[in-house]
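The next block holds one structure in the form of structure tokens; read it before the comments.
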Amino acid sequence: MPKNYSRTQRVGDLIQTALADILQVHAKDLQCGLTTIISVKVSADMSFAKIYVSVLEDEKAVEVIATLNKAAKFLRYELANAVELRITPELRFYYDDSIVRGSRISSLINDALKK
């Protein structure tokens with residue numbers, strides 16, 4: 001019976017929940033504001049993880065992503081303590097603007113329907 005849920009997806013989900021908890025605890029120290037981890041993509045060899053993050057204040061998105069990438073080693077250390085993995089992947093943070101684009105498209109649709 002084939003698996004519908006691959007190991008990389010399971011590890012990605014595990015990293016997502018663990019990093020969300022870590023960011024919640026250390027948000028004040030990192031000064032990253034209200035951030036949400038949208039998704040985590042783990043490489044096939046489990047050595048790299050791309051973390052897609054959404055920020056409440058879009059004006060500070062570039063600053064928050066830079067801060068998270070600077071703190072990546074610290075967050076990797078915290079992740080290694082929180083999750084038992086043979087190899088803790090190297091973390092790279094990226095801004096995910098899909099929520100902003102979705103709300104913009106929704107408002108355009110609503111404006112078109114009103115006219």
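The values are calculated or read from the model by the stated rules, or taken from the named source; none is laboratory data. Computed from a prediction, not measured in an experiment: that's the story for all the values here. Neighbour counts run over all protein chains shown; Cβ positions are idealised from the backbone, glycine included. These accessible areas exclude ligands, DNA and RNA; they are computed on the full protein's heavy atoms, side chains included. Shrake-Rupley method; radii C 1.70, N 1.55, O 1.52, S 1.80 Å.
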Checklist outcome for this item: Counting only DSSP loop positions in segment 2-67, the chymotrypsin sites (Phe, Trp or Tyr not before Pro) whose Cβ has at most 15 other Cβ atoms within 10 Å are 5
Item to check | Per residue accessible area in Å² of the chain, where ligands, DNA and RNA are left out and the probe is 1.4 Å | outcome: 71 Å²
Item to check | segment 60-91 residues near the modelled residue 31 label - backbone nitrogen below 15 Å, point 7 Å along Cα→Cβ | outcome: 60-71
Checklist entry - In a shell of Cβ-Cβ distance under 11 Å around residue 39, excluding residue 39 itself, what net charge do Lys and Arg (+1) and Asp and Glu (-1) give? => result 0
Item to check | For the chain, share of DSSP beta bridges that run antiparallel, in % to the nearest 5 | outcome: 55 percent
Checklist outcome for this item: Ordering 53-60, 30-37 by per-residue average of other C-beta atoms within 10 angstrom, highest first, gives 30-37, 53-60
Next on the checklist: Could you give the length gained by full extension between residue 74 and residue 17, i.e. 0.36 nm per residue of separation minus their alpha carbon distance, to one decimal place?
Outcome noted: 18.8 nm
Item to check | Positive minus negative residues near residue 50 (Lys, Arg vs Asp, Glu; Cβ under 13 Å) | outcome: 0
Item to check | FRET E, pair residue 92, residue 112, Förster distance 30 Å, beta-carbon r, rounded to 0.05 | outcome: 0.20
Item to check | D_trans [Stokes-Einstein, Kirkwood Rh over alpha-carbon pairs] for segment 43-83, 4 °C, 1.567 mPa s, µm² s⁻¹ | outcome: 111 µm²/s
Checklist entry - If you roll a 1.4 Å probe over segment 1-75 with all protein chains in place, what percent of the accessible area is carbon or sulfur? => result 56 percent
Checklist outcome for this item: Short to long, in 10 Å steps from zero, the percent of alpha-carbon pairs of the chain per bin is 13, 41, 26, 13, 6, 1
